[in-house]
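Working notes for the structure below.
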Amino acid sequence: MLYRPLNLQWCPLLIGDGDISEDYARSQRAERRLARILNSWRDTPYAAGQGHRGVGTDCVRATVMILAEWMRWQAPKLNTLPADAALHSPITAVRGLRAIRRALPANRRIRTLRVQPGDVLITGHPKGGPGHAIIVGTRENTLWQATQGAGYQECGWALPPEYSKLYGVLRFTEREGAI
């Protein structure tokens, strides 16, 4: 299978209000915390409709649960989220994306191709609608995703053709909880 690269530029996490040395330290703490959480989900098998670390998860629930833990938000009820397959269908994808955005407070769609750790990529088939939720990792050129063949894993910045079109990037503006 020929993987297609995403046209993105990774940059370190930026948290702060202008005090460069303090902002850098806070950003580093938040990145380390995200890395620990992502690694704790490594090799969680794929299971549609599930969101349990080490047991089974799909891309929607993994994304929501990881970011809720990272930001120290109360985890949403998983039954309020659409089935993973909602993102795979152009007809139900918009409804699925709205549910994800409601479950995760303080997010906005960004228009830049410069992504930071913790950003969420919504990718899909070039001929269809959004299809997959992926978290930008803490190391350059790393993405974390739940896939049917491999479980929850770290991968590079190239995706299989069915998920190679980038439909949007969500960034969480209230990152103070991540520190």
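Would you confirm whether any residue within the stretch 76-96 is of a type in the set (Gly, Ala, Ser) and at pLDDT 75 or above? No - not one qualifying residue is present in the stretch 76-96. Candidates in the stretch 115-130 are the residues that are in a strand (DSSP E or B) and in contact (Cβ under 8 Å) with a residue 60 or more places away in the chain; of these, the one that is farthest from residue 29 (Cα to Cα) is 123. Residues of the stretch 71-78 include none that is among the aromatic types (Phe, Trp, Tyr), closer than 18 Å to residue 135 by Cα, touching a residue at least 40 places away in the same chain (Cβ under 8 Å) and part of a helix (DSSP H, G or I). Among the residues making up the stretch 15-33, those that are acidic (Asp, Glu) and not in a helix (DSSP H, G or I) are 17, 19. In this structure, residue 93 qualifies as crowded, with 18+ Cβ neighbours inside 10 Å, farther than 29 Å from residue 28 by Cα and not basic (Lys, Arg).
When residue 31 is tested against (1) at pLDDT 85 or above; (2) touching a strand residue (DSSP E or B) at 6+ places or on another chain (Cβ under 8 Å); (3) not β-branched (Val, Ile, Thr), just one condition goes unmet, and that condition is (2). Taking the numbered list (1) surrounded by fewer than 20 Cβ atoms within 10 Å (Cβ to Cβ); (2) under 15 Å from the mean Cα position of the chain (by Cα); (3) of a type in the set (Lys, Arg) in turn, residue 61 passes all entries but (1).
Taken over the stretch 34-62, the criterion of being at pLDDT 90 or above, in a loop (DSSP other than H, G, I, E, B) and among the polar types (S, T, N, Q) is satisfied by 44 alone. For the stretch 13-23, taking the residues that are surrounded by 14 or more Cβ atoms within 10 Å (Cβ to Cβ) and not hydrophobic (A, V, I, L, M, F, W, C), the one that is nearest to the chain's Cα centre (by Cα) is identified as 16.
Taking (1) part of a strand (DSSP E or B); (2) crowded, with 20+ Cβ neighbours inside 10 Å in turn, residue 138 satisfies each apart from (1).
The values are calculated or read from the model by the stated rules, or taken from the named source; none is laboratory data. Everything numeric here is computed off the predicted structure, so don't read it as measured data. Neighbour counts are summed over all protein chains in view; Cβ atoms, including those assigned to glycine, are modelled from backbone coordinates with ideal geometry.
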